[in-house]
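Notes for the one structure printed next.
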Amino acid sequence: MTLLAIFGLSISSIFAQGGTDGDITWKIKNDTLTISGEGAIPDYYKDKWDWAPWHTWPNTFIIAVVIENGITRIGNGALLCCWEATSIIIPSSVTSFGYEAISCISLTSITNFNPVPVAINRYVFNCEDISACTLEIPINSVSAYRNADVWKEFNIVGMEVGLPIIEEPLLEIYPNPTTGKIYIETESEIKVYNLQGELLQKTFGNQVDLSTYPQGVYLLQANGRWSKVIKW
């Protein structure tokens with residue numbers, strides 16, 4: 001039996017960390033890298049590579065990336081080290097992408113809330129095959145994305161955005177991402193919504209089982225607070 005098993009700890013709980021870099025704040029918890037703030041994520045590639053501060057994390061444990069509303073640019077090489085991440089959430093506030101800003105070679109899904117496709121070139125993404133990656137965008141923007149350079153190469157799926165984008169995950173939930181059960185800090189009435197604003201489940205307690213739902217992004221409400229949940 002390992003020491004981790006003896007003490008009931010997980011790799012995620014041991015290595016949870018975060019910090020600031022200029023105008024942004026970042027944290028890694030439960031395999032999710034969350035970046036928030038007002039302004040741009042810095043360029044980590046100029047005349048040479050300067051790894052992002054989250055590069056020191058054991059990169060194979062970053063499974064999902066959440067960019068919070070308020071971030072305006074994903075800088076050069078910002079996510080280059082997140083090669084095991086399978087999903088990324090991009091808010092509508094992001095209007096610019098740098099060189100190899102997203103290098104997540106394991107990426108399978110992007111949720112992009114921007115109704116207008118930002119002009120980009122192929123070097124923004126370092127994925128092996130972006131046609132195998134699902135791009136979720138506002139349903140009224142499907143035509144625009146299917147006619148936009150680079151974006152049109154993704155597997156585009158329209159979504160009804162019936163609920164507001166959450167500024168920050170105020171409700172503590174774990175694990176996130178999840179393959180099934182998630183837990184909140186106290187017992188409460190819990191409501192689960194999809195991104196169309198449809199109520200999928202209502203229960204009371206401190207746990208919810210999402211194992212029967214397809215992969216994607218869901219919203220949880222409990223104690224008057226909200227949080228995004230990634231099901232994978």
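The values are calculated or read from the model by the stated rules, or taken from the named source; none is laboratory data. None of these values were measured; they are calculated from a predicted model. Cβ coordinates were reconstructed from backbone atoms using ideal geometry, including for glycine residues, and neighbour counts include every protein chain displayed.
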(request) Select from region 106-126 the residues that are part of a loop (DSSP other than H, G, I, E, B) and surrounded by fewer than 21 Cβ atoms within 10 Å (Cβ to Cβ) and list them in ascending order. (result) Ser106, Thr108, Phe113, Asn114, Pro115, Val116, Pro117, Val118, Ala119, Ile120, Asn121, Asn126
(request) Could you tell me which numbered condition Ile67 fails, if it satisfies all but one of (1) within 21 Å of Ser227 (Cβ to Cβ); (2) surrounded by fewer than 16 Cβ atoms within 10 Å (Cβ to Cβ); (3) among the β-branched types (Val, Ile, Thr)? (result) (2)
(message) Considering only residues that are under 23 Å from Ala64 (Cβ atoms), more than 16 Å from the chain's Cα centre (by Cα), hydrophobic (A, V, I, L, M, F, W, C) and modelled with pLDDT of 90 or more, which ones fall in region 99-156?
(response) Val118, Ile120, Val124, Val150, Trp151, Phe154, Ile156
(request) Pairs only if they're at least six apart or on different chains, beta carbon under 6 angstrom, first in region 192-216 and at pLDDT 85 or above and of a type in the set (Gly, Ala, Ser), second assigned to a loop (DSSP other than H, G, I, E, B) and surrounded by 12 or more Cβ atoms within 10 Å (Cβ to Cβ); list them, first residue then second. (result) Ser211/Gly180
(request) For region 137-154, enumerate the residues that are closer than 22 Å to Glu100 by Cβ and either charged (D, E, K, R) or loosely packed, with under 14 Cβ neighbours inside 10 Å (or both). (result) Asp149, Lys152, Glu153
